[in-house]
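Q: Can you read through this structure? Questions will come right after.
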Protein chains: 2
Amino acid sequence: MKHAQQPVTTNERFGVRIDVAGTFSNSFASGPNVIKTLPEQLAEKLVELIINGVFEPGQRLHEVGLAEQFSVSRGPVREALRLLEREGLVTMASRKGAAVTQLTSKNLRDIFSVRSALMGICAEELARHQSAEVQSTLDEGTRALFVAHEAGDVAGFLVVVYQVSMYVAEASGNEIAKSILFSLGRQTLSITRRVFEVPEHRLMWATDWKEIAEAIRAEDPVRARQSVRRLLDDTSKAAVAIYE
Amino acid sequence: MKHAQQPVTTNERFGVRIDVAGTFSNSFASGPNVIKTLPEQLAEKLVELIINGVFEPGQRLHEVGLAEQFSVSRGPVREALRLLEREGLVTMASRKGAAVTQLTSKNLRDIFSVRSALMGICAEELARHQSAEVQSTLDEGTRALFVAHEAGDVAGFLVVVYQVSMYVAEASGNEIAKSILFSLGRQTLSITRRVFEVPEHRLMWATDWKEIAEAIRAEDPVRARQSVRRLLDDTSKAAVAIYE
DNA sequence: GATTATCTTAATGTCAACAATCTAATTTTT
DNA sequence: AAAAATTAGATTGTTGACATTAAGATAATC
């Protein structure tokens, strides 16, 4: 009798822990929804395990195994899996169980295409209603990118990429776009990690990003959108190439 | 002892039934996933009841009530509600239960903004890889729009609008964008219905749509995107105005 | 009479067991 | 020996019951 997966003692196998706290509170939450229900806690743990690569794509996720591992019943596990299914991180088939989603290269292209469009409108919005605080945050992010790149710190670079991307989504004020971008960002995290192992890709990303920050500073929405598009298209090509 | 809602005898209160079949099969479904599990069936029924206005925004959705109403246990009902939560149609708060999501005007604007961006890339893609079949389908839709408009058939107009919009999403080939557009489209259905009660709004929509179809026929991606943007922006303004 | 505290009720959160179904190994037949 | 059928095991689907918590009503106090 073997379990689907060993007990997990660490979730820092790759040295990167991306913060996903607060992820499963409803997008339209009409107030402080601090109370985390058990399925939500489980979902967050599972997200960490998946995006950090402990659970590999395609791996089956048995309900009883997970229930024993987390010392809960199957009910909450099922609900957590449903949550992750809607996030796209887990694929469920009726009577066949759940598994970590395995993206196809077509999925990858589609996801990057959607991210491009949504990041585009967020950047546009930011270019229209920018502020000194926004600008300094973007500049700080740009600096951090180049620092991490030159230091060859892949893990650190990835974290900064995630943070600055999510900052644009957050600062744009569009809750719907933000929610979707968070979700799609997580789905591509493991592939993005591999993209940034190539120094040239890090430099490309940092350079493209710098252009975006400048477009926002210049309060040029169209240029901001086009810059975002270039960034995501470049990243998409790199990701698809590595993925195949 | 009163239940939250009366037994539902009809789901055609507004004379419009929008087909939402196949909605809850996974976006990345890797094959014929015809087997519908009980929660999915429940979710589809609930979607119909919500978007057709039988369950009004803000209305509480008690698990036991729904369970009795549909003659199932609370388990499947819970999972169905979770599904709808991710769709944005219901809002759940821990220990407080579920309720039909009540959009704010800010939510409305954000949703239309996202729809605009995503429909934009779908139309772009369609303009690049169009075909005779695509063109005839678009033309047919345009004709149906004007027919329904002139006949004053609000319900019919709404159905055609939904169908042609979803066709663009479908035909673009971008599964991710399609999935999101389906979801967001449902969330705005009840408001869109009220928008189209105004004849001028119907004419506006039909006219804007005709322009999109022509841009796609002309294989002009940029023009197609801009036309889509105009359509959604116009609709957004009308919807927000009516909503307040 | 208004306010606060307590209590009752009802709803949600969680669990364990039963039923249905799929997978895979074993056996039987050609 | 290979292929098909059957059977055993494991896994998911569903249910009902129990525990916990929030909301409303009642009563007591200021």
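Every read-out reported here was derived from the displayed coordinates using simple, explicitly stated rules and does not represent laboratory data. All of these numbers come straight from a predicted model, not from anything done at the bench. As a convention, Cβ positions derive from the backbone with ideal geometry for all residues, glycine included, and neighbour counts pool all protein chains shown.
Q: Mind checking the mean number of beta-carbon atoms from other chains within 10 Å of the Cβ atoms in A:222-228?
A: 0
Q: Between A:Glu150, A:Glu197, A:Glu219, find the one with the highest GNM mean-square fluctuation for chain A; connect C-alpha pairs within less than 10 Å.
A: Looking only at A:Glu150, A:Glu197, A:Glu219, the largest GNM fluctuation is found for A:Glu150.
Q: Additional query: So if R0 is 51 Å, what FRET efficiency would B:Val198 and B:Ser73 give, r being the distance between their Cβ atoms, rounded to the nearest 0.05?
A: Here the calculated transfer efficiency is 0.70.
Q: Just the projected area, averaged over all directions, of the convex hull on the alpha carbon atoms of the protein assembly as shown: how many nm²?
A: Working: hull surface 96.7 nm².
Taking the Cα atoms of the protein assembly as shown, their convex hull projects to 24.2 nm² on average.
Q: Averaged over A:104-110, how many beta carbons belonging to a partner chain fall within 10 Å of each residue's beta carbon?
A: Mean inter-chain Cβ contacts per residue within 10 Å come to 4.
Q: Let me ask something else. Just report the Cα centroid separation between region B:96-123 and region A:122-164, whole Å.
A: After rounding, the separation between the Cα centres reads 27 Å.
Q: State the volume of the convex hull built on the alpha-carbon positions of chain B, expressed per residue in Å³ and rounded to an integer. Walk me through the intermediate numbers first.
A: Working: hull volume 32.1 nm³, N = 244.
For chain B, the hull spanned by Cα atoms encloses 131 Å³ per residue.
Q: Could you tell me the calculated FRET efficiency between B:Glu219 and A:Gln135, based on Cβ-Cβ distance and R0 = 30 angstrom, to the nearest 0.05? Please list the in-between numbers first.
A: On the way: r = 40 Å, r/R0 = 1.33.
So the FRET efficiency works out to roughly 0.15.
Q: In addition: Once every DSSP H run of n ≥ 4 in chain B is given -39500 (n - 2.57) and the sum is divided by its residues, what mean residue ellipticity at 222 nm do you get, rounded to the nearest 500 deg cm²/dmol?
A: Value at 222 nm, helices only, nearest 500: -21500 deg cm²/dmol.
Q: Under the convention of a label 7 Å out along Cα→Cβ, give the distances in nm from A:Val198 to the same position in every other copy, shortest first.
A: Label point to label point, same position, other copies: 5.1 nm.
Q: Run through the other copies and list how far each one's label point is from that of A:Gly65, in nm with one decimal, shortest first; the point sits 7 Å from Cα along Cα-Cβ.
A: 4.1
Q: Alpha carbon centre of region B:192-228 versus region A:219-244: separation in Å?
A: 28 Å
Q: Ranking request for peptides B:164-176, B:76-88: highest mean number of other beta-carbon atoms within 10 Å first, then the rest in descending order.
A: Taking the mean over residues of other Cβ atoms within 10 Å, the ranking is B:76-88, B:164-176.
Q: On full extension of the chain, what length is gained from B:Tyr243 through B:Ala151, given 0.36 nm per residue of separation minus the C-alpha to C-alpha distance? Before the final figure, lay out the partial values.
A: On the way: separation 92, 0.36 × 92 = 33.12 nm, distance 2.51 nm.
Gain on stretching B:Tyr243 to B:Ala151: 30.6 nm.
Q: Within a 10 angstrom radius of each residue's Cβ in A:69-81, how many Cβ atoms of other chains show up on average? Whole number is fine.
A: 1
Q: List the distances, in nm to one decimal, from the label point of B:Asp233 to the label points of the same position in every other copy, shortest first, placing each label point 7 Å from Cα along the Cα-to-Cβ direction.
A: 2.2
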